[in-house]
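A.B. asks: Questions regarding the structure given below will be posed in turn.
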Amino acid sequence: MSLVSEINRRRTFGIISHPDAGKTTLTEKLLLFGGAIQEAGAVKSNKVKKGATSDFMEIERQRGISVATSVLAFEYKGTKINILDTPGHKDFAEDTFRTLTAVDSVIVVIDVAKGVEEQTEKLVKVCRMRNIPIIVFINKLDREGKDAFELLDEIEQKLELRVTPLSCPIGMGYDFKGIYNLWEKNVNLFSGDNRKNIEETIEIKNINDKTLDNLISKDAAETLREEIELMEGIYPEFNKSEYLEGKLQPVFFGSALNNFGVRELLDCFIEIAPTPRPKESDSRLVKPDENDFSGFVFKIHANMDPKHRDRLAFVKIVSGTFNRNTPYLHVRNNKKMKFSSPNAFFAERKEIVDVSFPGDIVGLHDTGNFKIGDTLTQGEKMFYKGIPSFSPEHFKYINNVDPLKSKQLSKGIDQLMDEGVAQLFVLELNGRKVIGTVGALQFEVIQYRLEHEYTAKCSYENLNVYKACWIDINQSDPEELKEFKRVKSRFLAKDKSGQLVFFADSAFTLQMTQSKYTKVKLHFVSEF
Ligand code: G4P
């Protein structure tokens, strides 16, 4: 098969949701359709259970599972589908943000009863910023929940999306009868049997067809007709190019647990979802069908065996073909590297592959050469852009507890930071090291891993920082910046790449600083 046909048959996407909305269940049902797994329950949830904060075994279990479910690839109707797993737990949000740099589209799962929740809002915002095409799946229709119109409204308001429903629920909860599919123009009746894998659908090309009355009752059919008329009146017609540009978001309804509405979602998905997209580098836009291979590291995972400190770097292929045992340029290190055992991922296993194509993810064994955001090419010196760090929310000084192990501690911290577990800052004033994380859980993960993987011991000391703000030196007024640096010298630090950062200790300080130093440009992400 040619490179272009390989590209055209690939769809690489992520499923995002607030925890418990049904991401794992939906993933599993998609895999069932692809024949990648045989029975429900095969996909392990990567959720950190409540109260797991101090349970190290739980953290280890979590790490194991997230390697196994990092990429789930399967074939469906000749399409190669790559699902990239995104942790739902908010402490791992940064991991999810990075994974979103490697997807070409997303499916957002929303619980019909809970509506739009906090984590969904945050994640969708990132997708919107990047114009990632989004499909919305409203789940758990077998339960009592919000009215369809109310939910669509909420999605428009809170997620700032422009929605167009492609299916319409018939009843809900106890009274849930099925779904009218506006995309395929058929009706799918709900039998509540979650063991069946393939649904039977009844084609109703014309909504006024009287057979509908017999199928779902006259009253329900009338209500459905009214609702569809209303939907068609209120919402814009589906338009594929608007969806692909991130300007219009189709919505489906269903019940993942009952395998209901999932096939419709998948069939529509493979038809409309984007094939691997071009990606901007620091020098040019790179197209997938270029002959030369290029890709970037979006995730690094420490291996399960603590005795061998090897890691797996996940590379998203952007262009060309990736071949085993072929030298590629690690641009940051300016070094050629060959990979003898690149891994490809399937539903429940990984295996060594000889060739991979744009859209695919390969897992490369790494002994510490890679960090997140690294670019690999066939020789061209360019960097892929767009894996920024966000301002952490928790900050602590990190201290060495065992003076004989300071080398191990430094190495451990360095490598964990390369993996993106947290961010390291060094205070300008006294050279003390500060760890910044998105969630409280990471501090325990770091402490535990330093001890078990690097034989180093650390302790933490609280530090009152509200936000880390990156200072844009080039866009700031030199005189004002000089004054700012003099006055704020106690609150300045450098991040790992040497960028200057200002630590604001409260929202109030930040506001005051911004209004006093209007010509000092501050950012809340590391890339600007
Ligand atoms: P997540 O990955 O988004 O966190 O959610 P997950 O799929 O684990 O689903 C969260 C809970 O919601 C699970 O129940 C799951 O069975 C349930 N669920 C998912 N889809 C549906 C649906 O369509 N209808 C209904 N009624 N429930 C659904 P749990 O009790 O937390 O876990 P479990 O013991 O069932 O695994």
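The values are calculated or read from the model by the stated rules, or taken from the named source; none is laboratory data. All values reported here derive from a predicted model rather than from experimental measurement. FYI the Cβ positions are ideal-geometry reconstructions off the backbone, even for glycines, and counts take in every protein chain you see. Just the protein is used for accessible areas: all its heavy atoms, side chains included, with ligands, DNA and RNA removed. Shrake-Rupley method; radii C 1.70, N 1.55, O 1.52, S 1.80 Å.
A.B. asks: Treat each spin label as a single point 7 Å out from the Cα along the C-beta direction, and report the V4 to E160 distance in nm.
C.D. replies: Placing both labels 7 Å beyond Cα along the Cβ direction yields 3.8 nm.
A.B. asks: Between I202 and E351, what is 0.36 nm times their sequence separation minus the Cα-Cα distance? Round to one decimal in nm.
C.D. replies: This chain segment gains 49.6 nm when fully extended.
A.B. asks: Heavy atoms only, probe 1.4 angstrom, no DNA, RNA or ligands counted: give me S241, S5 ranked by accessible area, highest first.
C.D. replies: Working: S241 65, S5 45 Å².
Ranking S241, S5 by accessible area, largest first, yields S241, S5.
A.B. asks: Taking amide H atoms as placed 1.01 Å from N in the peptide plane, list the residues 5 or more away in sequence, or in a different chain, whose amide H sits under 5 Å from that of K146.
C.D. replies: So K146 has HN proximity to A113.
A.B. asks: What is the list of residues in region 280-296 whose amide nitrogen lies under 12 Å from a point 7 angstrom out from the Cα of K385, following Cα to Cβ?
C.D. replies: It comes to 280-286, nothing else.
A.B. asks: Which sequence of R143, R225 reflects their accessible areas, 1.4 Å probe, from the largest down? Before the final figure, lay out each step's value.
C.D. replies: Working: R143 135, R225 25 Å².
Per-residue accessible area, sorted high to low, gives R143, R225.
A.B. asks: Students often get this wrong, so check it: of K140/K177; K433/K467; K122/K494; K336/K407, which have C-alpha atoms separated by over 21 Å? Working shown, then result.
C.D. replies: Details: K140/K177 13 Å; K433/K467 16 Å; K122/K494 27 Å; K336/K407 28 Å.
Beyond 21 Å: K122/K494; K336/K407.
A.B. asks: What is the calculated FRET efficiency for F524 to Y174, with r their C-beta to C-beta distance and R₀ = 41 Å, to the nearest 0.05?
C.D. replies: 0.35
A.B. asks: Using only Cα atoms, locate the centre of region 118-146 and the centre of region 236-259, then give the distance between them in Å, rounded to an integer.
C.D. replies: 11
A.B. asks: So if I average 1/r over every pair of distinct C-alpha atoms in the chain and take the inverse, what Kirkwood radius in Å does that give?
C.D. replies: Details: mean 1/r = 0.0402 Å⁻¹.
Radius from the Kirkwood sum: 24.8 Å.
A.B. asks: Can you list, largest first and rounded to whole Å, the semi-axes you get for region 394-523 by taking the square root of 5 times each eigenvalue of its Cα gyration tensor?
C.D. replies: On the way: eigenvalues 184, 39, 30 Å².
For region 394-523, the ellipsoid semi-axes come out as 30, 14, 12 Å.
A.B. asks: Label points 7 Å out from Cα along the Cβ direction at S506 and N462: separation in nm?
C.D. replies: 1.5
A.B. asks: Same structure again: Can you list the aspartates and glutamates whose alpha carbon is less than 12 Å from that of K516, not counting same-chain residues fewer than 8 positions off?
C.D. replies: E480, E483
A.B. asks: In terms of Cα to Cα distance under 21 Å, which lysines are near enough to K279, apart from those fewer than 8 places away along the same chain?
C.D. replies: Correct list for K279: K80, K125, K240, K247, K287, K299, K316, K371, K381, K385.
A.B. asks: Where the centroid of each part is defined by its Cα atoms, how far is region 486-528 from region 385-441 in Å?
C.D. replies: That distance is 18 Å.
A.B. asks: OK, next. What distance in nm separates the simple spin-label points at E144 and E232, each placed 7 Å from Cα in the Cβ direction?
C.D. replies: 3.3
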